[in-house]
Number of protein chains: 2
Amino acid sequence: MFKKRHSIEEVEEGKYLSPKFDKNGLIPVITTDFKTGDILMHGYMNSNALKKTIETKKAHYWSRSRKKIWVKGQVSGFIQKVKKIKIDDDQDSLWMSVDIGKGASCHVGYRSCFYRSVPLGKIKNPKNLKIKFNENKKVFDPKKIYKNELNPTKL
Amino acid sequence: MFKKRHSIEEVEEGKYLSPKFDKNGLIPVITTDFKTGDILMHGYMNSNALKKTIETKKAHYWSRSRKKIWVKGQVSGFIQKVKKIKIDDDQDSLWMSVDIGKGASCHVGYRSCFYRSVPLGKIKNPKNLKIKFNENKKVFDPKKIYKNELNPTKL
């Protein structure tokens with residue numbers, strides 16, 4: 001399904017899909033809500049996860065913490081139905097637009113993983129820089145949904 | 001400016017900025033157009049690029065091909081004025097919303113780097129899978145703008 005990367009011109013201006021997987025065999029994926037356009041999460045796929053996602057129209061990622069293919073929503077029920085996949089100029093990142101209904105994409109319980117923003121401009125006291133919550137209400141309670149599942153966040 | 005990552009709870013639910021830089025000292029950054037919400041590009045920042053971006057409100061990235069900090073628009077003139085930066089749950093990726101006026105973000109000449117989409121569903125002949133152009137008109141001619149600059153795309 002994926003073509004070899006023969007020339008820069010072919011990769012940038014051509015019609016063939018030649019994704020660049022990094023040293024670990026992964027390509028970054030940005031996932032947005034197809035209705036609002038909001039970014040829901042930033043994940044990774046390996047070659048197999050990308051093939052499965054294209055064929056089934058159901059988002060499959062590579063979980064770096066669990067080291068396995070991960071069908072998003074398998075535990076929580078919040079499956080991502082894929083509406084569109086775009087690839088960038090040098091074919092080393094993907095933009096995937098998905099339908100999650102009224103569900104959530106974030107294992108902490110928020111709809112989007114990006115629920116906090118960073119203050120901008122010269123900071124008086126950089127040691128005390130604080131990020132601000134933009135989403136205050138969780139869509140679900142992760143303790144109830146994930147029970148004994150390991151938290152994927154690594155320090 | 002950045003706090004050490006002490007606990008998963010603090011990273012996920014806390015108010016301090018504790019970005020996780022990978023083995024190469026980089027964090028992925030998704031850049032969107034603050035007016036349309038469209039994704040313009042997917043890049044990387046090191047710690048210094050992130051500090052400079054926050055303080056100057058002008059997007060600074062780490063160029064993996066040129067191995068140096070790169071003020072976006074330095075050559076093309078298409079500076080990115082930063083409107084908002086969000087960070088995700090485990091603080092290992094950033095979403096930056098920018099103003100590029102009527103400019104472009106893609107070194108190939110298109111407004112967005114994501115100018116092609118991938119067909120979805122069971123593909124009859126996977127060897128002939130073709131991606132589709134969604135943007136047909138370039139905002140600028142890269143040959144005129146970049147002249148002798150090296151193309152950042154790597155095979």
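The values are calculated or read from the model by the stated rules, or taken from the named source; none is laboratory data. Note that this is a predicted model, so its numbers are computed, not measured. All Cβ positions, glycine included, derive from the backbone under ideal geometry; neighbour counts span all protein chains shown.
Observations, loosely collected:
- Restricting attention to region B:145-155 and to residues that are within 30 Å of B:Ile54 (Cβ to Cβ) and part of a loop (DSSP other than H, G, I, E, B), the residue that is farthest from the other protein chains (Cβ to nearest Cβ) turns out to be B:Glu149.
- Across region B:117-127, the number of residues qualifying as within 15 Å of A:Pro19 (Cα to Cα) and more than 7 Å from every other protein chain (Cβ to nearest Cβ) comes to 2.
- Listed by position, the strands (runs of 3 or more DSSP E) contained in region B:48-116 that have at least 3 residues being out of contact with any Gly (no Cβ under 9 Å at 6 or more places or on another chain) and more than 7 Å from chain A (Cβ to nearest Cβ) are B:68-71, B:94-99.
- Residue within region A:135-144 that is among the acidic types (Asp, Glu), more than 7 Å from chain B (Cβ to nearest Cβ), surrounded by 14 or more Cβ atoms within 10 Å (Cβ to Cβ) and out of contact with any Gly (no Cβ under 7 Å at 6 or more places or on another chain) present: yes
- Hits in region A:65-100 - residues which are at pLDDT below 95 and at positive phi: A:Lys67, A:Gly73, A:Gly77
- Test: B:Leu26 is within 21 Å of A:Asp90 (Cα to Cα) and of a type outside the set (Val, Ile, Thr): yes
- Taking the numbered list (1) within 7 Å of chain A (Cβ to nearest Cβ); (2) over 14 Å from the mean Cα position of the chain (by Cα); (3) aliphatic (A, V, I, L, M) in turn, B:Ile30 passes all entries but (2).
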